[in-house]
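What follows is a set of notes on a single structure, which appears directly below.
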Amino acid sequence: MNWSWETFFDALPLVASGLGITIGLTIASYLFALIFGFVWVFLRRIPFKPISWTVTWIMEFIRSTPPLVQLFFIYFAWPVVPYVGMTLDPFTSAVLGLGLHFSTYIGEVYRSGIEGVDKGQWEASTALNYSLYDKWTKIILPQAVPPTIPMLGNYLIILFKEVPLASTIGVVGILHMAQSYGSQYWAYLEPLTIVGILFLILSYPSAILISKLEKRMNRRFDKKAALSSTQKGTVV
Amino acid sequence: MFLQSLRKPDWVSFPSKYKGVIKINVIAEVFPDLMRGLGVTVSVLIASAFFGYLMAFIAGLCRLSNNIVLRKFTGFYIEVFRGTSLIVQLFWLYYAVPMLFGIELGSNWWIGVIAIALNYGAYMSEIVRGSILAVAKGQTEAATALNMSSFQRMRLIILPQAVRMMLPEFGNYLIQMLKATSLVYLIGLNDIFYYGNILRSNDLSMAPTVYLLVLLFYFILALPLIFLVRKAESISKKGVAS
Amino acid sequence: MTEPIVEFKDIHKSFGDVKVLKGIDLNIKPAEKIAVIGPSGSGKTTIIRMLMTLEVPTSGDIIVDGVNLWKMEKNGKMVKANEKHLREVRGDIGMVFQHFNLFPHMTILENCMTAPIHVKKEDKEEARERSIQMLEKVGLGDKLDNYPNQLSGGQKQRVAMARALVMRPKIMLFDEVTSALDPELVGEVLEVIRDIAKEGEMAMVLVTHEMDFALDVADKVLFLDEGVIAEEGTASEVIEHSKNERLQSFLHRFRS
């Protein structure tokens, strides 16, 4: 065992100083994903098959390829793409890369929320002669959004755990700090352990909070599902 | 909003001469190089999937054990690996474990496999546990009425049904594991991504073509898995073998 | 007098604070057919579930063929039975459930074969043959390779009975086996039970709401009310000539 508390407390302030960047990047990419998720939903709802089909496959492409490679693409390759390319700093690259990757998941969450709204609600709002805008803002979204909140919360935690990927393109969050401490003093054990502990401290309570929220939401919005689960005693 | 912060960091300088046309014939040049990394990517994926599923079953069943020590210990493993990042775990195994115990974990290939398997094993153990619990209570009762032992009930009645429920999620996690294999480049394995980065550092103007091609490689590997998931979903909905 | 095959001795059962059974004494003789009737929540089902080892009695003894079901001797003391003991004692008991509980991942033939092969270690071919015979007997010889979800409720329940019978139990328990069925499917299931009952060698305990059927098949009828056996006797004594008021009002609801 080569554990040194001295190194631990020596590295702690430095590693912890990256916390602001790590959390800031989490929030920024999450906001980006939340907004861009809507873009996917609306693009997919375009009632023209080739477009919605293409959008579906682009989403599938982004979702099933590594976010790490996507980060490298945006950071290294985007600047040399002709005409539209521009140089982005590491933080912005990470916001775009992680935000875009997660927006495809968020888009699916929105979609499931919208599809979860009973078909009769659309018909009722049409029958009441609501405008398209009112239909969405007054009837559909107020019902579609709340059930998705726990899922959105889950993705926030997952995103938080993907954020240290950004250290590979030079975003100086906690992992980057730990690595630079490690390479400077050739002591990786303690700083990396600190990183692990910090992640655990932040994500574990959030996960518990969200599972509580989920249970409450299920009670409120999914009475039908709750009913069917009480009948689960029978299969065949 | 973020666009306002777009600026060229002073420590990164891309010579402007690289701003040129993407050369299509670059693809022919790049492709064989990337192919050299395919073996590592695929072998890491297969091995970590194998050990990941194994871990998922072991941990999932331990979580359902009557032994409280076993249950708590497994719970601790799951929370630690789900609560921290894969990349942190990977670096921890790579840099920290040798320092902590003075041992090497074997090759970097094994470190990558172990990290991915332990991480996704922890996530998937919850699926194993949930699926077993989701098998209706009446099934256990019917098996008891036929005088089966608890081991027979698990093997003949509960697991075959639970596994069907697990399939779609297991498939989804296989795609996640494929994405995760790109991290092994960071501990010095020569996978697809590694060769892509070599090409990029040789000639930055090739970067867009190279990375797009790398992404395409991963997507082509993921495609059969995507269809597998859809197939698994339909099997799982039926509840019986087709 | 023949020796009883099952004895309940002062059985109590509580779920949390709710006392479901408050002292049940009951003898089941070999080949005896017993119908258990009573309002829902009276603990009818709990009685047979304890015999099947699906529920642990809070106090009292259940003796099966002279052996205590829920207790066993260890170092000269009686302790709670372990899984091994339960398996040895419950081998002669079979059960059919309200919700069938067929195994959805197996064909109906496999549903019947699995226990003889794995529990009784029977030869595979022999188990197969007997299973087919039994399925033919319940009128499903043409459905051997179907999966349970391809059958009607009545057919499922008949498979469930064949599955239990293949194990050659000495005692069969029927837990409201027609309650989950559509009315038009009840007849075919009762018909099979009647056939089994006529063969005569097996003891049967039927928890049921089918009064006419109970009258027809049962040697003995128990009326369970508020956790105790309130009336006990032959079918005609209990169902047709009892003076018990609560029994009368209970029966009235079924006769109207």
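Which helices of chain B meet both criteria: a Cα extent of 27 Å or more along the helical axis and a mean Kyte-Doolittle score no lower than 0.5, with helices taken as whole DSSP H segments? Once both thresholds are applied, what remains is B:26-63, B:108-134, B:207-238. Averaged per residue, the range B:146-203 has 33 square angstrom of accessible surface, using a 1.4 angstrom probe with ligands and nucleic acids left out.
Spatial offset of the range A:137-160 relative to the range A:165-213 amounts to 27 Å, using the alpha carbon center of each. Farthest toward the positive end of the dipole of the protein assembly as shown, out of B:ILE187, A:SER93, C:GLY16, is the Cα of A:SER93, where the dipole comes from beta carbon charges about the Cα centre.
Scaled against the 2.2 N^0.38 Å expected of a compact globular protein of N residues, the Cα radius of gyration of chain C reads 1.02.
Close amide-amide hydrogen proximity is noted between C:THR58 and C:HIS12, C:LYS13, C:SER14, each under 5 Å apart and 5 or more residues distant or on a separate chain (H modeled in the peptide plane; Pro and chain starts excluded). For the range A:38-160, a Kirkwood radius taken over Cα pairs fed into Stokes-Einstein (10 °C, viscosity 1.306 mPa s) yields D = 96 µm²/s.
Computed over the range B:89-214, the convex hull of the alpha-carbon atoms projects to a mean area of 11.0 nm².
The C-alpha radius of gyration of the range A:15-106, expressed as a fraction of 2.2 N^0.38 Å, stands at 1.20.
For the range C:17-125, the list of trypsin sites (Lys or Arg not before Pro) that fall in a loop by DSSP and count at most 12 other C-beta atoms within 10 angstrom reads C:LYS121. Protection proxy ranking of B:72-81, A:207-216, B:190-199, by the mean of other Cβ atoms within 10 Å over each peptide's residues and highest first, is B:190-199, B:72-81, A:207-216. Each listed q (0.16, 0.27 Å⁻¹) maps to a log10 I(q)/I(0) for the range C:51-133, found by the Debye formula over equal Cα scatterers with no solvent: -0.78, -1.30.
Buried area at the B:A interface is about 5200 square angstrom, summed over both chains, from accessible surfaces computed with a 1.4 angstrom probe. Computed about its Cα centre, the charge dipole of the range A:5-223 is approximately 940 debye, with only Lys, Arg, Asp and Glu carrying charge at their Cβ. Considering every pair of different Cα atoms, what Kirkwood radius, in Å, is found for the range B:25-238? For the range B:25-238, the Kirkwood estimate is 19.2 Å. Label-to-label distance for A:SER4 and C:GLU3 is 8.0 nm, based on points extended 7 Å past Cα in the beta-carbon direction.
Compared with the dominant principal axis of the Cα atoms in chain A, helix A:174-185 is inclined by about 10°.
Tell me the volume per residue, in Å³, of the convex hull enclosing the alpha carbons of chain A.
Enclosed volume per residue, from the Cα hull, is 201 Å³.
Dividing the helix sum by the residues of the protein assembly as shown, where each DSSP H run of 4 or more adds -39500 (n - 2.57), gives a mean residue ellipticity at 222 nm of -19000 deg cm²/dmol. With a Cα cut-off of under 27 Å and a minimum spacing of 8 residues unless on different chains, the lysine pairs in chain A number 23. Buried accessible surface for the B/C chain pair comes to about 2100 Å², total over both chains, computed with a 1.4 Å probe. Considering only A:THR126, C:ILE196, A:ALA33, whose Cα is most displaced toward the positive end of the charge dipole of the protein assembly as shown, charges sitting on Cβ of Lys, Arg (+1) and Asp, Glu (-1)? Value computed over the given set: A:ALA33. On the principal axes of its alpha-carbon atoms, the range B:36-115 has extents of 48, 28, 21 Å, going from largest to smallest. Across every pair of non-identical alpha carbons in the protein assembly as shown, the mean reciprocal distance, once inverted, gives a Kirkwood radius of 30.4 Å. Only bridges whose two residues both fall in the protein assembly as shown count here: according to DSSP, what percent of them are antiparallel, nearest 5? Given both bridge residues lie in the protein assembly as shown, the antiparallel proportion sits at roughly 60 percent.
The values are calculated or read from the model by the stated rules, or taken from the named source; none is laboratory data. This structure is a prediction, so every number in the text was calculated from the model and none was measured. Counting neighbours? That spans all protein chains shown, and the Cβs are built from the backbone with ideal geometry, glycine included. The protein model used for the area step is the full one, side chains on, heavy atoms only, and it has no ligands, DNA or RNA in it. Shrake-Rupley method; radii C 1.70, N 1.55, O 1.52, S 1.80 Å.
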